[in-house]
Amino acid sequence: MDQIQSPPTAAKSGASSLLVRILLTLAFLVLGYEFSLFALQHSPSFWYVPAAVLLFVGGFLWFWPAIAAAFSLPLTLALLLMMLTLGPWRWVANRGPGFSAILVLLAAAAVCVAQIRRHGVAQKALTTAVVLLIVALAVDRAFTNRVELRGFDMSWTADGVDPVGDPVEPNAKGEKPVLLFLKVGGGFCYDAIFSEDLRRMLNTEHKPLVHVVYNEFHTFGRATDYNVHSVEGMILNEGRKPVIANPDGYHGILLSGGDQADAPASCPQYP
């Protein structure tokens, strides 16, 4: 009787195993695709983007679970580190999706660990993933977020009125910003900074022009964005790390007629 039942049982087991591999393939393809899109928009560092893309590519390996699990585990842990770095507990409006993403990555890591315990560690696949992550991290450190300092002597106002005499836009608390600006053509390029410490310092010194230093960030040799490093020696940002928080700050161009628009390329302080 056992010999008669063995072939159907083996066939059923093989079909079940194939179905599991197909489902894991689809799950990791979707996971890698979604995190690739997320990392492109929100990643705090470039190296997380190739980690997500590699996780997507690794999805095609799940027909060979031992190889796929060893390859995907370090990539999944890298993306988990990205989410923890972003800190979804600080996302007031999107805290739920943020924690859901962490739980999904934990589940994916658990699947990888379970497959490794079942099939053993595919050393070459694990080593390949780790080496690729190290290369991505090295490229990130060498060619992205490179900081160049640029300084300008700028005019300023802290009385809630812009250079053309119109009221300056306050923040949600009704606070008025310090406005740093340069005369460009028929208008003014400006940065609005909400800081009482800066306001007190400028009002005390009362200089008509202040020296403003900008952090200009370069990725692969191209200027991408900037922030204000210091004003008259007062440090506002060390690289991307705020020293004096300015979450409500903004910048742009003020035309001579009082209309506002996005800052043009001709503004010297903007990349």
Relative to the first principal axis of the alpha-carbon coordinates of the chain, what is the inclination of helix 123-143, with its axis defined by its Cα atoms, in degrees from 0 to 90 and to the nearest 10?
-> 10
Determine, at each q value in 0.14, 0.16, 0.18, 0.20 (inverse angstroms), the log₁₀ of I(q)/I(0) that the Debye formula gives when each Cα of region 118-271 is one equal point scatterer.
-> -0.72, -0.89, -1.09, -1.29
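Residue separation times 0.36 nm, minus the C-alpha to C-alpha distance between His218 and Val121: what's the value?
Numbers: separation 97, 0.36 × 97 = 34.92 nm, distance 3.97 nm.
My answer for the length gained is 31.0 nm.
At 0.36 nm per residue, and after removing the present C-alpha to C-alpha distance, how many nm does the segment from Phe99 to Glu148 gain when stretched out fully? Walk me through the intermediate numbers first.
Numbers: separation 49, 0.36 × 49 = 17.64 nm, distance 3.55 nm.
Result: 14.1 nm gained on full extension.
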If each part is reduced to its alpha-carbon centroid, region 199-253 and region 106-133 end up apart, in Å, by 44
Straight-line reach check, Lys241, cutoff 16 Å on alpha carbons, 8 or more apart in-chain or any other chain, hits among aspartates and glutamates -> Glu148, Glu216, Asp225
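Around Leu61, with a cut-off of 15 angstrom between Cβ atoms, what is the net charge of the other residues, counting Lys and Arg +1 and Asp and Glu -1? Write down the numbers at each step before the final one.
On the way: positive: Arg21, Lys124; negative: none.
Net charge in that neighbourhood comes out at +2.
Quick one: work out Rg over Rh on the C-alpha atoms of region 2-143, Rh as Kirkwood radius. Please report the intermediate quantities before stating the final value.
Working: Rg = 17.4 Å, Rh = 16.1 Å.
With Rh from the inverse mean 1/r over Cα pairs, Rg/Rh is 1.08.
Quick one: pull the percentage of alpha-carbon pairs in region 43-104 with a separation above 14 Å. Kindly include the intermediate steps, with their values, before the conclusion.
Values: 1127 of 1891 pairs.
Considering region 43-104, 60 percent of its Cα-Cα pairs are separated by more than 14 Å.
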For the chain, take the alpha-carbon Rg, divide it by the Kirkwood Rh, and send me Rg/Rh.
-> 1.19
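For each of Lys124, Lys241, count neighbouring Cβ atoms within 10 Å of the residue's Cβ, then give the residues from fewest to most. Walk me through the numbers on the way to the answer.
Details: Lys124 11, Lys241 7.
The fewest-first ordering by Cβ neighbours comes to Lys241, Lys124.
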What does the charge count near Phe181 come to, summing +1 for each Lys or Arg and -1 for each Asp or Glu among other residues with Cβ under 12 Å from its Cβ?
-> -2
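Quick note: the coordinates plus some simple rules give every number you see, no bench work behind them. As the structure is a computational prediction, the values presented were derived from the model and not from experiment. Reconstructed Cβ throughout: ideal geometry from the backbone, glycine too, with neighbour counts over all protein chains shown.
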